[in-house]
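As structure tokens, the structure follows; a few thoughts come after it.
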Amino acid sequence: MIDLVYPEQQAGLAWWPVALVIVALVVLNVVNNRLAPQTHYLLWSFGGSVGLLALGLLDGNTWTDMGLGWAYMLPGLIWGALCIGLVTAVYLIGSAFKRTRTAFHDERMTDLSGSRLVFQALVEVPFGTVLLEEIAFRAVLFSMLVRRFGLVWGLVISSVLFGLWHILPSIGTHEQNPALGSVVGQGRRGNILAVALSVLTTTIAGVLFAGLRLVSGSVLAPMGLHWATNGLGYAFSWLLIRTRDRRRARHREEIRRRQRERQDELLRASDEGGRETGGVE
């Protein structure tokens, strides 16, 4: 039987530290998605992670409470590695079939260079997105909520807040992903449905991430799954779009080649017809 690792519920804890963390997350969300330039994304994410950890420690959470204790680092690494392997297998299978391959087509990857992809998958995602979101929702906020409201409510509230966190970044995604657009439609209605679907799926993902944190005792486990889902997702999308574009380019070149051959045949036929006409005269 797997022992779940989480802090004990304590009576009489003030609610305002939780409210302060939520306000800080709202500010970080708006800054990262609407105000700060993309070049400052890592800076804001790293600074936000450090600030949130400070708030968690000031609230009385230990490193172990927040899933950052040394004793649970190895289980966290093992669970994280298993999750990365599982996601890789799922992506390989999904990309092998035409019906599921379109789900990987994110048009934001179209103009992305190889070096930019490497930076995004190996730097921005793990040290920006994953670090901030796992520190925020599975380390600090989860521990603070569990200590006040118990395990079930802590898991539910942190997961719902994680879903709501994705409202801003999901706006307009139905226009960038053809598979998503085909499901939710276009226009304002499609945008609303895309945002609602994103909130729902990331809330469910939040429950899964929190479950990994519980069974491993470490946020390294959900960090591994989170990075694999996002980072490998970008990589597979980029590779599939590059393959699609090369296939289309070869197809266009083949059409142009056939058109040139047809034109050459028509010209030769015209020249031969002209010589025959001249010979009769």
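Read-outs: derived from the displayed coordinates by stated rules, not from any lab. From a predicted model like this one, the values you see are computed outputs, not experimental measurements. Cβ: placed from backbone, ideal geometry, glycine included. Neighbour counts: every protein chain shown.
Overview of results
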| quantity | calculated |
| --- | --- |
| Packing-based exposure ordering (other Cβ within 10 Å, fewest first) of 105, 251 | 251, 105 |
| Value in Å of the Kirkwood radius, where the range 118-210 supplies the Cα pairs that are averaged | 14.3 |
| Exposed-site-free run, longest, the chain (rule: chymotrypsin sites (Phe, Trp or Tyr not before Pro); DSSP loop; at most 13 other C-beta within 10 Å) | 98-281 |
| The chain: DSSP helices with Cα axial extent of at least 20 Å and average Kyte-Doolittle hydropathy no lower than -1.0 | 16-30, 41-58, 73-96, 151-165, 187-216 |
| Surface/4 of the Cα convex hull for the range 1-129, nm² | 11.9 |
| Within the chain, helix-based [θ] at 222 nm, where runs of 4 or more DSSP H residues each add -39,500 (n - 2.57), nearest 500 | -22500 deg cm²/dmol |
| Residue order, fewest to most beta carbons within 10 Å, for 73, 223 | 73, 223 |
| Relative contact order %, the chain, counting alpha carbon pairs below 8 Å whose residues are six or more apart | 31 |
| Inter-label distance, nm, simple model (7 Å from Cα along the C-beta direction), residue 267/residue 102 | 4.1 |
| About the Cα centre, charge dipole magnitude for the range 16-265 (Lys/Arg +1, Asp/Glu -1 at Cβ), debye | 920 |
| Additional length obtainable on full extension of the chain from residue 78 to residue 152, 0.36 nm per residue less Cα span | 24.1 nm |
| Over the chain - Rg/Rh using Cα atoms and the Kirkwood inverse-distance radius | 1.22 |
